[in-house]
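Data first, discussion second: the structure below is written as structure tokens.
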Amino acid sequence: MGQLYMQRFKYRGAIDKAAYDAAWGVAFQAKATTGNWGNVANGITHHKAWGTAWGGYSLIEAETPEALQEYQVFHAMNYAHMVTVTFEPLTDLDAIAEDIAKG
């Protein structure tokens, strides 16, 4: 299993509808082609996405640092004009707690 990341995207405010539609067009094409929003052919697994009024979250798994880098660069090049994107590595606290409880 690779490293899980919670990706957060927050809209930067009012944006031109044509720019918004164009960015989402790129996103949907990437997702349809590769199965992830970053257009990475190998090494990124998209698990789930959640939308909110201000943006949303995606749960992704990166098999290698290079795959995550490719994913991040695609986002910067295609979506940064419209959203702020952050990535947080996730730790399975349930598994850690279970290991601690076992002693």
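The values are calculated or read from the model by the stated rules, or taken from the named source; none is laboratory data. If you're wondering where the values come from, they're calculated on a predicted model, not measured in any experiment. Heads up, the Cβs are rebuilt from the backbone with ideal geometry, glycines too, and the neighbour counts pull from every protein chain shown.
Tabulated values for the structure
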item: Residues of the stretch 20-72 satisfying the condition of being polar (S, T, N, Q), assigned to a loop (DSSP other than H, G, I, E, B) and surrounded by 15 or more Cβ atoms within 10 Å (Cβ to Cβ); result: 36, 39
item: Test result for residue 56, within 21 Å of residue 1 (Cβ to Cβ) and at pLDDT 95 or above; result: no
item: Test: residue in the stretch 59-80 that is touching a Lys or Arg at 6+ places or on another chain (Cβ under 8 Å) and within 21 Å of residue 1 (Cβ to Cβ); result: yes
item: The stretch 4-29, residues that are in contact (Cβ under 8 Å) with a residue 40 or more places away in the chain, under 19 Å from the mean Cα position of the chain (by Cα) and farther than 15 Å from residue 48 by Cα; result: 10, 11, 12, 20, 23, 26
item: Which listed residue is touching a strand residue (DSSP E or B) at 6+ places or on another chain (Cβ under 8 Å), at pLDDT below 95 and of a type in the set (A, V, I, L, M), from 6, 1; result: 1
item: Checklist (1) at pLDDT below 95; (2) within 10 Å of the chain's Cα centre (by Cα) applied to residue 72, failing item; result: (1)
item: When residues of the stretch 74-97 are limited to those that are touching a residue at least 12 places away in the same chain (Cβ under 8 Å) and assigned to a helix (DSSP H, G or I), the one nearest to residue 42 (Cα to Cα); result: 74
